[in-house]
Structures are given as C-alpha cells and as structure tokens.
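Here's the structure we're looking at; comments come further down.
Only the coordinates and a few stated rules stand behind these numbers; no lab work does. Because the structure is a prediction, the values reported are computed rather than measured. Quick reminder, even Gly has a Cβ in these numbers, built from the backbone with ideal geometry, and neighbours come from all protein chains shown.
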Amino acid sequence: MTHEEVIRYFMTIPEAVQLVIQAGAMATGGEIFILDMGEPVKILNLAKDLIRLSGFEPDIDIPIEITGLRPGEKLFEELLMDEEGISSTKHHKIFIGKPIFTDYRLLLKYLDSANELIQNGSDEDIREFVKTMVPNYCDTKSTSSM
C-alpha cells in the first residue's frame, strides 16, 4: 500500500446502483449529486482485516509493504470542498452540491487562455495560470522543495 494513513470511502455495488438510480429520478438538469457513503475506512485496517479473514496473520504470514504516496495521491478524499456547500434532497443519503464556478462564458475564456499557454507558454506560466483559475490549487512541484 502507498501510505499507512490513507483513508477511502466504500459502498457496496447494490447500494451505489440504488443511490444512482434514485438520484437520476430526482434530476432536473445540471445538478451535482453527492451520495452519503458513510464513514471513510483506513486502508491499512482494511488490508489487515482481509488478511485475517483469509486465515492469515498480518505482517507475519503476509507482509504489508508501504511504498509511499504516488504523485497527486491524497491521504483522504474530499467529497466536497467547504466553499461549495450542499443542500438536502428527499432522500437522506443523497445531497446536491453547489458548484463554485457557474459562469460558462468565463469558463470558455479561461479555456482559451489555457490553450494559448499550453501552445506557447512555459511550465511556470501554466502553473501560475492554474493558481489564478483554481484558488485552492496546490502546486506539488513548488511545495515538495519546502
């Protein structure tokens, strides 16, 4: 595994299918549905439980090797950023997220600028542009040297 502190959300396939179908029935167009997936699970604990359920002992019969986070991999998943907010629906496990960015014309202008930078700009120009376009963007290249 990549890191001992990684946590992820899980749900069964039948639960996911049921929630997706119900969200689809609620849709009126353009909503971003967020499904309540319960509490996140620490992957290390999941790995140990699976080893035990298979009749073995973790780190004795089957070693758990930590390889390190991959570029861009997060320790935890953010289902929604704080500034986005959510509203409830008639289903207690389905919510609607409010996107931060809603101006379509401005988005097209940003995409044109991004395309121009991709064609003619430097890597640093592109990073700076992304920082202005996405306020909570974290540049791993510049933070990894700190």
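Couple of notes before you dig in:
- Violating pairs (Cα-Cα greater than 24 angstrom) within the set LYS93/LYS131; LYS98/LYS131; LYS42/LYS131; LYS109/LYS131; LYS74/LYS131; LYS42/LYS90: LYS93/LYS131; LYS42/LYS131; LYS42/LYS90
- In this structure the amide hydrogen of ILE64, modeled in the peptide plane, comes within under 5 Å of the amide hydrogens of ASP59, none closer than 5 places in sequence on its chain.
- Trypsin sites (Lys or Arg not before Pro) within segment 3-54, DSSP loop, no more than 15 other Cβ atoms inside 10 Å: none
- With the simple spin-label model, which puts each label point 7 Å out from Cα in the Cβ direction, the VAL41 to ILE13 separation comes to 1.5 nm.
- For the chain, the longest principal axis of the C-alpha atoms and the axis of helix 13-26 are separated by about 30°.
- Vicinal HN-Hα couplings computed from phi for segment 32-38 (Karplus, 6.51 cos²θ - 1.76 cosθ + 1.60; Hz; Gly/Pro x): 10, 8, 10, 9, 6, 9, x
- The PHE76 and TYR137 beta-carbon pair, evaluated with R₀ = 22 Å, returns a calculated FRET efficiency of approximately 0.80.
- Under 15 Å from the Cα of LYS48 - aspartates and glutamates, other chains or at least 8 residues apart: GLU4, GLU5, GLU57, ASP59, ASP61, GLU65
- Each eigenvalue of the Cα gyration tensor of the chain, multiplied by 5 and square-rooted, gives one semi-axis; in descending order these are 35, 28, 11 Å.
- What you get for segment 7-97, charging only the Cβ of Lys and Arg (+1) and of Asp and Glu (-1), is a dipole of about 220 debye around the Cα centre.
- Amide H contacts under 5 Å for ILE32, placed H, 5+ residues apart: GLY97
- Using alpha-carbon coordinates, inclination of helix 104-120 to the longest axis of the chain, degrees: 90
- The amide H of HIS91, built 1.01 Å from its N in the peptide plane, has no neighbour under 5 Å, considering only residues 5 or more places off or on other chains.
- Karplus (6.51, -1.76, 1.60) ³J(HN,Hα), θ = phi - 60°, over segment 41-48, in Hz, Gly and Pro reported as x: 10, 6, 4, 4, 5, 4, 4, 5
- If the chain linking ALA114 and MET26 were pulled fully straight, counting 0.36 nm for each residue of separation and taking away their Cα-Cα distance, it would gain 28.2 nm.
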